[in-house]
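Just so it is clear, none of the values below were taken in a lab; they were calculated from the coordinates. None of these values were measured; they are calculated from a predicted model. Neighbour counts are summed over all protein chains in view; Cβ atoms, including those assigned to glycine, are modelled from backbone coordinates with ideal geometry.
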Amino acid sequence: MERRKFVVGLGALASGSAAAMGTGAFSSVEADRTISVEVADDSNAYLRLQGAGGVNSDYVTSDGTDGVLEINLDSGNDSIAGDGDGVNPDAITKIDDLFVVENQGTQEVEITLNKSGDNDGLATFYIDDYSTTLDGTDLTAGASETISLEIDTEGSGLTGGDEILDSVTFNADEV
Amino acid sequence: MDRRKFVAGLGALAGGSALATGTGAFSSVEAGRNLSVSVADDSNAYLGIEALDDEYIDATDGTLDIALTEANATDEGGEGINANAVTGISDLFKITNQGSQNVDVFAQPLTFIQADIDSGVESIAVFLTPQDPDYNFLFDVIPIEPTTIPGSIAYKNVDPGNELRFGLTAFAAPDTATGTVEINNSISITAEPNAEENP
């Protein structure tokens, strides 16, 4: 039984080989290639998000060098030097140079934002001097922008404890 | 018994020899022929495996390795995917039939998943995404309710010169996924002659 099986196997191999040689082509190729993917800190990822440092770094509770960027303008942030718990009602609050967005990938991308929160329309992210919004800004590979935040509660009727923003999704899409 | 067998063997050998010399044929020939085989880089081999975006590919040893890692950082300093994010890369690499005949190409697996066993929370999933949807290919799917995950892919009848492009989608979650999970695996790419086109 064992011997017969072996002979049949040989025959099949021989005819297969002959057919392949007849066409002059390669009979088969098998190649194993590695794939490795790591999760980087936000500061080192393809879309870099990192606290800008400086005077307003108290609002940045995690600057992206050890995990993900987190910004906290509420009573849960005990790092504020003056102990404030949030923005004023009926006021325009501007926080300059809060964090940096950089394209560390390989091609130009457009940055768009999806904000979520009970009053997320009151918060706007600007590049540099509040003349251009981050939402819709194009970044070539290697380009970065320092982002400032404006929160406008004027005429909104919001009072202490009301939520403005809960999270922001940064989209970077190939242009 | 042993002796008889030996004699019979000799007789057969002699007969064969007489027949050969009777035809006036050569008794032996030794001819040297050049048979040259060289190893090509993946990009130039018969089964071409070539980067489309070489910053995410490490091809320093001549083979294509997909590497979204600190060791293979982009020119701009990107060392990996963001946590709590979905990263998509199109036109990552391509497989080209650089041989002489029509082949079937198989690539597997296309899905890579890892979870942090200790926490059971942090996880990463990477999907190699075929970019030639109009091509005549077949998915072998792993059924996982309520959706399906492509486990391998077979492209039928890839003519010489034709190429198959792949991208990548990666997903890591939650925020704490940084440094806790990573994919370190391999993909097998096989090309065989199409049985119908090459009987």
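The table below gives the values:
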quantity	calculated
Among (1) assigned to a loop (DSSP other than H, G, I, E, B); (2) among the hydrophobic types (A, V, I, L, M, F, W, C); (3) touching a residue at least 60 places away in the same chain (Cβ under 8 Å), the one test that A:Ala81 misses	(3)
Enumeration of residues in segment B:159-199 that are within 28 Å of B:Ala115 (Cα to Cα), of a type in the set (S, T, N, Q) and at the interface with another protein chain (Cβ under 7 Å from one of its Cβ atoms)	B:Thr176, B:Thr178, B:Asn184, B:Asn185, B:Ser186, B:Ser188
Members of segment A:29-78 that are assigned to a loop (DSSP other than H, G, I, E, B), within 14 Å of chain B (Cβ to nearest Cβ), surrounded by 14 or more Cβ atoms within 10 Å (Cβ to Cβ) and not acidic (Asp, Glu)	A:Ala40, A:Ala45, A:Tyr46, A:Gly64, A:Gly67, A:Val68, A:Asn72
Residues of segment A:86-111 satisfying the condition of being touching a Gly at 6+ places or on another chain (Cβ under 8 Å) and not β-branched (Val, Ile, Thr)	A:Gly86, A:Pro89, A:Asp90, A:Asp97, A:Leu98, A:Phe99, A:Glu102, A:Asn103, A:Gln104, A:Gly105, A:Glu110
Qualifying residue in segment A:138-145 (condition: under 22 Å from A:Lys94 (Cβ atoms) and among the β-branched types (Val, Ile, Thr))	no
Odd one out for A:Asp166 among (1) in contact (Cβ under 8 Å) with a residue 60 or more places away in the chain; (2) in contact with a helix residue (DSSP H, G or I) (Cβ under 9 Å, 6 or more places away or on another chain)	(1)
In segment A:104-119, the residues that are away from chain B (no Cβ under 12 Å) and without any contact (Cβ under 8 Å) to a residue 60 or more places away in the chain	A:Leu113, A:Asn114, A:Lys115, A:Ser116, A:Gly117, A:Asp118, A:Asn119
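Residue-by-condition table, conditions (1) in a strand (DSSP E or B); (2) within 19 Å of B:Asn84 (Cα to Cα); (3) within 14 Å of chain B (Cβ to nearest Cβ):
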{"site": "A:Asp97", "(1), (2), (3)": "yes, no, no"}
{"site": "A:Glu102", "(1), (2), (3)": "yes, yes, yes"}
{"site": "A:Gly121", "(1), (2), (3)": "no, no, no"}
{"site": "A:Asp129", "(1), (2), (3)": "no, no, no"}
{"site": "A:Ala141", "(1), (2), (3)": "no, no, yes"}
{"site": "A:Ile151", "(1), (2), (3)": "yes, no, no"}
{"site": "A:Glu154", "(1), (2), (3)": "no, no, no"}
{"site": "A:Leu158", "(1), (2), (3)": "no, no, no"}
{"site": "A:Phe170", "(1), (2), (3)": "yes, yes, yes"}
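Residue by residue, here is whether (1) of a type in the set (Val, Ile, Thr); (2) more than 17 Å from the chain's Cα centre (by Cα); (3) within 7 Å of another protein chain (Cβ to nearest Cβ); (4) in a loop (DSSP other than H, G, I, E, B) holds:
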site: B:Thr63; (1), (2), (3), (4): yes, no, yes, yes
site: B:Ala67; (1), (2), (3), (4): no, no, yes, no
site: B:Ala71; (1), (2), (3), (4): no, yes, no, no
site: B:Gly77; (1), (2), (3), (4): no, yes, yes, yes
site: B:Val86; (1), (2), (3), (4): yes, yes, no, no
site: B:Asp91; (1), (2), (3), (4): no, yes, no, no
site: B:Thr96; (1), (2), (3), (4): yes, no, no, no
site: B:Gly99; (1), (2), (3), (4): no, no, yes, yes
site: B:Asp104; (1), (2), (3), (4): no, no, no, no
